[in-house]
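Novice: Below is the structure I would like to discuss, written out as structure tokens.
The values are calculated or read from the model by the stated rules, or taken from the named source; none is laboratory data. What you are looking at is a predicted structure, and each value in this text was computed from that prediction instead of being measured. Here Cβ is always computed from backbone atoms with ideal geometry, including for glycine, and neighbour counts include all displayed protein chains. To get the accessible areas, we keep the full protein, side chains included, count just its heavy atoms, and leave off ligands, DNA and RNA. Shrake-Rupley method; radii C 1.70, N 1.55, O 1.52, S 1.80 Å.
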There are 2 protein chains.
Amino acid sequence: MDLEDWRERIDTVDLKLLELLNERTRYSLEIGKIKERRHLPIYVPEREQQIYERMERLNQGPLSDKAVRRLFERIIDESRRIEKEMAEKNRNA
Amino acid sequence: MDLEDWRERIDTVDLKLLELLNERTRYSLEIGKIKERRHLPIYVPEREQQIYERMERLNQGPLSDKAVRRLFERIIDESRRIEKEMAEKNRNA
């Protein structure tokens, strides 16, 4: 296989990643709605910690555990950000 | 559905994300090997730009295009990092 073939494979994976990241975000928004209704905080450090630990435990590489953690930190950061944006919109509505 | 049900769905998505991120990394490492053999640079800004633009074009939300870009910046940063680590290991071997 040549460079272009591997890049095509990456493009296919990236599209799946994009869809899953958006799917995850839809679920985060549902969680955000429930938290809002119940006046629960958006940031739940124990839950985030649990996600990191689970991902490191299930990681089979080649990504290092540290890389997996950095990636999920970004993913969770974006979830938190969009939950906050939704909460602010609802407050101002 | 309650909080815990949505969290279970997120856990399922996260496992798929983890597997895809590792799959993507395996392809990046194959690309790294080809680049090394041909003395090509690891950092190819046009290719990275092409990925960002494609992801923004294909993004259907709820993630914003900016969020998608930040997420793929992290993903690509980890690819570049592991390609570099591999290249250094081979130089020292």
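Novice: Straight-line reach only, C-alpha to C-alpha below 22 angstrom: list the lysines that residue B:16 could link to, leaving out same-chain residues fewer than 8 apart.
Specialist: Excluding near neighbours in sequence, the set is A:16, A:66.
Novice: Averaged over A:4-17, how many beta carbons belonging to a partner chain fall within 10 Å of each residue's beta carbon?
Specialist: Details: counts 1, 4, 9, 7, 1, 6, 13, 5, 4, 10, 9, 3, 6, 11.
Rounded to a whole number, the mean comes out at 6.
Novice: I would also like to ask the following. Please compute the length gained on full extension between residue A:39 and residue A:89, using 0.36 nm multiplied by the number of residues separating them and subtracting their Cα-Cα distance.
Specialist: My answer for the length gained is 16.5 nm.
Novice: Where the accessible area of segment A:37-93 is counted over protein heavy atoms with a 1.4 Å probe, how much of it, in %, is carbon and sulfur?
Specialist: Reported share for carbon and sulfur atoms: 47 percent.
Novice: Here's something else I'd like to know. Between beta-carbons, use under 14 Å as the cut-off and find the net charge around residue B:93, counting Lys and Arg +1, Asp and Glu -1.
Specialist: 0
Novice: Next question. When the dipole is taken about the Cα centre of chain A, and only Lys, Arg (+1) and Asp, Glu (-1) are charged at their Cβ, what size is it in debye, to the nearest 20? Please report the intermediate quantities before stating the final value.
Specialist: Details: 21 positive and 21 negative charges, 147 e Å.
So the dipole magnitude of chain A works out to roughly 700 debye.
Novice: What residue among A:38, A:26, A:81 has the largest mean-square fluctuation in a Gaussian network model of chain A, using Cα springs under 10 Å?
Specialist: A:38
Novice: From the label point of residue A:91, set 7 Å from Cα along Cα→Cβ, how far away are the matching label points in the other copies, in nm, ordered shortest to longest?
Specialist: Result, one decimal in nm: 5.0.
Novice: What is the sum of charges around residue B:84, taking Lys and Arg as +1, Asp and Glu as -1, for the other residues whose C-beta is under 12 Å from the C-beta of residue B:84?
Specialist: Neighbour charge sum, excluding residue B:84 itself: -1.
Novice: Moving to a separate point now. Please give the Cα centre distance for segment B:44-67 versus segment A:23-93, rounded to the nearest Å.
Specialist: 21 Å
Novice: Averaged across A:44-52, how many Cβ atoms of other chains sit within 10 Å of each residue's Cβ atom? Could you put the intermediate results ahead of the total?
Specialist: Values: counts 2, 0, 0, 3, 0, 0, 2, 4, 0.
Other-chain Cβ atoms within 10 Å of each residue's Cβ, averaged: 1.
Novice: Distance from a point 7 Å along Cα→Cβ of residue A:26 to each backbone N in segment B:1-27: keep the residues under 19 Å and list them by number.
Specialist: B:1-18
Novice: Point me to the residue of chain B whose C-beta lies closest to the B-onto-A rotation axis, rounding the distance to whole angstrom.
Specialist: It is B:74, 2, counting Cβ atoms only.
Novice: In nm, what does the list of distances from residue B:57 to its counterparts in the other copies look like, shortest first, when each label sits 7 Å along Cα to Cβ?
Specialist: Reported distances to equivalent positions: 4.2 nm.
Novice: Would you calculate a helix-derived [θ] at 222 nm for chain B, using -39,500 (n - 2.57) for each DSSP H run of n ≥ 4 and dividing by the full residue count, to the nearest 500?
Specialist: Taken over chain B, the calculation gives -29500 deg cm²/dmol.
Novice: Shape of chain A from its Cα gyration tensor (a ≥ b ≥ c, root eigenvalues): rounded if a/c is under 1.5, otherwise prolate when a/b > b/c, or oblate?
Specialist: oblate
Novice: Which of A:13, A:68, A:44 ends up with the largest GNM mean-square fluctuation for chain A, with Cα atoms connected below 10 Å?
Specialist: Highest fluctuation of the listed residues: A:13.
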